[in-house]
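Beneath this line is the structure, given in structure tokens, with notes to follow.
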Amino acid sequence: MHRILPAPTVEIDTDDAYHNTRQARGVRPWLIVNMISSADGAMTIDGVSGGLASPGDKDVFGTLRTLPDVILVGAGTAIAEDYNPPSSSVSVRARRLGQGAWPVARVAVVSNSLSLDPTARLFGSRDSRPIVITSQSSDGDRRDRLAEVADIVVAGEDRVDLGAALESLAGIGASVVLCEGGPSLNAQLVAADLVDEMCISLSPMIVGGDARRIVHGAALEVPAQMELRHVLTEDHYLFLRYTVSREVMD
Ligand SMILES: NC(=O)c1ccc[n+]([C@@H]2O[C@H](COP(=O)([O-])OP(=O)(O)OC[C@H]3O[C@@H](n4cnc5c(N)ncnc54)[C@H](OP(=O)(O)O)[C@@H]3O)[C@@H](O)[C@H]2O)c1
């Protein structure tokens, strides 16, 4: 892996490249979004993102997973990608524990329908108990069934209020949250101005077809502006790290 921005160009370890200081933003955690896209903007091949990836992308994906307290994901992605709970090496666990964090990040799935399978591998983690974030309107029986394998967070009446959900995650000790998609969850987070950092892996592929982009929802009235923090490259892939610009940073 080489860093080509900021100068000078150097060979770099991904851990060092992504290991910035991130702090909660008031009542809510710092929110990173990490997604991969083809050069022509597709976020999947045959309905999943794996075909776009490379060893370098897997390295970045794994490195980013060592940083947050919670990994946030939409139910569509958790099901489509048969979500895997995160694991940590001994050294990462030691580092996290030394920083007062949980040894491994917890996964939080956002769902209103609660049509999640409690026997899915996501819910079989021995390391960390997953979280299901839902609204008051969701089905009580399904909620009870999932409560056997996950902690349930209720935020919002008809739909999950994502701002309130993030505040609830802060309430259980999360100061950094990593959102791994999908595009409809990302769109709501961007629209609500809840995203602080965007990590995009650009795959050197042209996919064509009608795959959606990494943010898919209503157009923003005003496009969110970002600042480029670094550019890494390996095997013709680009790994871009942006922070979202705000006039007043707190
Ligand atoms: N390229 C990449 O890096 C990448 C990354 C992740 C995913 N993906 C791809 O993205 C696709 C899935 O994305 P998607 O946009 O269809 O789905 P998604 O954003 O992962 O999940 C959407 C689902 O999340 C729940 N949800 C989202 N916002 C909610 C809210 N405010 N309140 C309540 N529930 C809410 C709903 O679940 P319920 O229907 O259960 O209520 C909704 O149907 C898959 O093809 C996956 O492979 C690609």
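Looking at V149, V190, V107, V176, which one is of a type in the set (V, I, T) and out of contact with any Pro (no Cβ under 8 Å at 6 or more places or on another chain)? Lay out the reasoning, then the answer.
Details: V149 fails: out of contact with any Pro (no Cβ under 8 Å at 6 or more places or on another chain); V107 fails: out of contact with any Pro (no Cβ under 8 Å at 6 or more places or on another chain); V176 fails: out of contact with any Pro (no Cβ under 8 Å at 6 or more places or on another chain).
Residue meeting the stated conditions: V190.
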Looking at the stretch 25-49 only, could you name the residues that are within 14 Å of the ligand (Cβ to nearest atom), assigned to a loop (DSSP other than H, G, I, E, B) and in contact with a helix residue (DSSP H, G or I) (Cβ under 8 Å, 6 or more places away or on another chain)? A42, M43, T44, G47
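Does S37 qualify as being touching a Phe, Trp or Tyr at 6+ places or on another chain (Cβ under 9 Å) and in contact (Cβ under 8 Å) with a residue 40 or more places away in the chain?
On the way: touching a Phe, Trp or Tyr at 6+ places or on another chain (Cβ under 9 Å): no; in contact (Cβ under 8 Å) with a residue 40 or more places away in the chain: yes.
Spelling it out, it is not the case that S37 is touching a Phe, Trp or Tyr at 6+ places or on another chain (Cβ under 9 Å) and in contact (Cβ under 8 Å) with a residue 40 or more places away in the chain.
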Of residues in the stretch 79-137 being within 16 Å of the ligand (Cβ to nearest atom) and of a type in the set (V, I, T), the one nearest to L178 (Cα to Cα): V107
Residue check, V222 of a type outside the set (K, R), within 12 Å of the ligand (Cβ to nearest atom) and open to solvent by 20 Å² or more (accessible area, probe 1.4 Å): no
Pairs returned, first residue in the stretch 127-139 that is free of Cβ contacts under 8 Å to residues at least 24 places away in the same chain, second residue that is assigned to a loop (DSSP other than H, G, I, E, B) and more than 13 Å from the ligand (Cβ to nearest atom), beta-carbon separation under 9 angstrom, 6 or more apart or interchain, are R129/V149; R129/A150
Which residues, counting only those in the stretch 25-52, are touching a strand residue (DSSP E or B) at 6+ places or on another chain (Cβ under 8 Å), buried (at least 17 other Cβ atoms within 10 Å of the Cβ) and of a type in the set (G, A, S)? S37, S38, S49
Filter the stretch 80-111 down to residues that are surrounded by 17 or more Cβ atoms within 10 Å (Cβ to Cβ), of a type outside the set (K, R) and in a helix (DSSP H, G or I), then give me how many there are. 1
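Listed here are the residues, each with its yes/no results for (1) under 22 Å from D57 (Cβ atoms); (2) near the ligand (Cβ under 10 Å from one of its atoms).
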{"position": "A147", "(1), (2)": "no, no"}
{"position": "G173", "(1), (2)": "no, no"}
{"position": "D196", "(1), (2)": "yes, no"}
{"position": "S203", "(1), (2)": "yes, yes"}
{"position": "G208", "(1), (2)": "yes, no"}
Which numbered condition E227 misses (of (1) within 17 Å of S111 (Cα to Cα); (2) open to solvent by 40 Å² or more (accessible area, probe 1.4 Å); (3) of a type outside the set (V, I, T); (4) not in a loop (DSSP other than H, G, I, E, B)): (1)
Is there a residue in the stretch 176-194 that is part of a loop (DSSP other than H, G, I, E, B) and of a type in the set (S, T, N, Q)? no
Among the residues of the stretch 1-24 satisfying the criterion of being in a helix (DSSP H, G or I) and under 18 Å from the mean Cα position of the chain (by Cα), which is surrounded by the fewest Cβ atoms within 10 Å (Cβ to Cβ)? D15
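Residue-wise test of (1) near the ligand (Cβ under 9 Å from one of its atoms); (2) touching a helix residue (DSSP H, G or I) at 6+ places or on another chain (Cβ under 7 Å).
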site: I152; (1), (2): no, yes
site: L162; (1), (2): yes, yes
site: L178; (1), (2): no, yes
site: G181; (1), (2): yes, yes
site: N186; (1), (2): yes, no
site: H216; (1), (2): yes, yes
site: L228; (1), (2): no, no
site: Y242; (1), (2): no, no
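The values are calculated or read from the model by the stated rules, or taken from the named source; none is laboratory data. Since the structure is predicted, the reported quantities are computational estimates derived from the model, not experimental observations. Positions of Cβ are backbone-derived with ideal geometry, glycine not excepted, and every protein chain shown enters the neighbour counts. Just the protein is used for accessible areas: all its heavy atoms, side chains included, with ligands, DNA and RNA removed. Shrake-Rupley method; radii C 1.70, N 1.55, O 1.52, S 1.80 Å.
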